[in-house]
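Following: one structure in structure tokens, then a few remarks.
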Amino acid sequence: MSQSVARALHLLIQLGNRPATLDELAASTGVHKTTVLRLLRTLSDERFTFRDHSNRYHLGSRVFELAAQGTDQREIRRIASPHLAEFNRKYGRTTHLAAMEGDAIVYIDKLESHDQIRMYSRIGLSANLNSTAVAKVILADLPDSELRPIVAAMDFTRRTPNTITTPEEYLRVIETVRAQGWAQDREENEPSINCLGVPVRSASGRVVAAVSVSVPDVVLPFEQVLDLLEPLQAVGERISLDCGYRPQP
């Protein structure tokens, strides 16, 4: 498997230099054409490559999509950092910043609570799609044509008694998130942990990240966590403005 991955990466590097035919790619890798063709078919299925009418292979849209997301994430983290720090300093609660990587939602920043209660999340860890507020906020912005395939492939493992475990229920929750503009995780991902998530938008208006606050119910009951929604929304709005977003009047 590692050899196949290495060969696939080499193909992408070669196509990054210039488009190439199957024969040219096989010659550059020193691998039989049937093996190269099998790798290219897999890469093409995932939109990492495509073949034109002249039977030359090119880098596909997924490569550029991931490159743009990587750039956005580094920039968003830098832009968001002072706003997250101010919110965390004022309210003392665990604060996250998450963004989409392919079909995954990944934590790209985290500020710990002041009460020394630590949560499972960490920078670089993927957020569970069916049970976290950040995932719901980001996925709610996708058109149904993109959302539904993700939901169909989603891991609906039950993590607590409150975890959403069916696509139908998840899609109903997404409609609520779209209507109200924010999401909640009410002890769905970790027992006794409540979270609120709000969007961060780019200049295009699309949601490119999510900010969340997480609080154990031994510290605050959910009704009091909701008091943090308005200041959290203000944080999301300030980050969005700094990302170039301008709300329509």
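Take Ala140 and tell me if it is buried (at least 17 other Cβ atoms within 10 Å of the Cβ) and in contact with a Cys (Cβ under 7 Å, 6 or more places away or on another chain). Step through it out loud before you land on a result.
Numbers: buried (at least 17 other Cβ atoms within 10 Å of the Cβ): yes; in contact with a Cys (Cβ under 7 Å, 6 or more places away or on another chain): no.
No: the conditions fail for Ala140.
Being of a type in the set (A, V, I, L, M) and more than 19 Å from the chain's Cα centre (by Cα) is the filter here, so list the residues in the stretch 192-231 that pass it. Please lay out each step first, then the result.
Here is the first cut: in the stretch 192-231, the ones of a type in the set (A, V, I, L, M) are 193, 196, 198, 200, 203, 207-211, 213, 215, 218-220, 225-226, 228-229.
Matches in the stretch 192-231: Ile193, Val215, Val218, Val219, Leu220, Val225, Leu226, Leu228, Leu229.
How do the helices (runs of 4 or more DSSP H) wholly within the stretch 1-99 filter down when requiring 2 or more residues that are over 30 Å from Arg238 (Cβ atoms) and among the basic types (Lys, Arg): which remain? So that I can check it myself, show each step before the final result.
Working: elements: 2-17, 22-29, 33-45, 61-91.
Answer list for the stretch 1-99: 33-45.
Given the criterion open to solvent by less than 10 Å² (accessible area, probe 1.4 Å) and either at positive phi or touching a strand residue (DSSP E or B) at 6+ places or on another chain (Cβ under 6 Å) (or both), identify the matching residue among Ala104, Ala133. Can you show your working first?
Values: Ala104 fails: open to solvent by less than 10 Å² (accessible area, probe 1.4 Å).
Going through Ala104, Ala133 in turn, the sole match is Ala133.
Restricting to the stretch 107-128, give me the number of residues that are assigned to a loop (DSSP other than H, G, I, E, B), farther than 15 Å from Val219 by Cα and either open to solvent by 20 Å² or more (accessible area, probe 1.4 Å) or not hydroxyl-bearing (Ser, Thr, Tyr) (or both).
Of the stretch 107-128, the ones assigned to a loop (DSSP other than H, G, I, E, B) are 112-125, 128.
From what is left, the residues that are farther than 15 Å from Val219 by Cα are 120-125, 128.
Then drop every residue that is not either open to solvent by 20 Å² or more (accessible area, probe 1.4 Å) or not hydroxyl-bearing (Ser, Thr, Tyr) (or both), which leaves 120, 122-125, 128.
Looking only at that region, the number is 6.
The values are calculated or read from the model by the stated rules, or taken from the named source; none is laboratory data. Keep in mind it's a predicted model, so treat the numbers as computed, not measured. As a convention, Cβ positions derive from the backbone with ideal geometry for all residues, glycine included, and neighbour counts pool all protein chains shown. Each accessible area value is taken on the protein alone, full model and side chains, heavy atoms only, with ligands, DNA and RNA left out. Shrake-Rupley method; radii C 1.70, N 1.55, O 1.52, S 1.80 Å.
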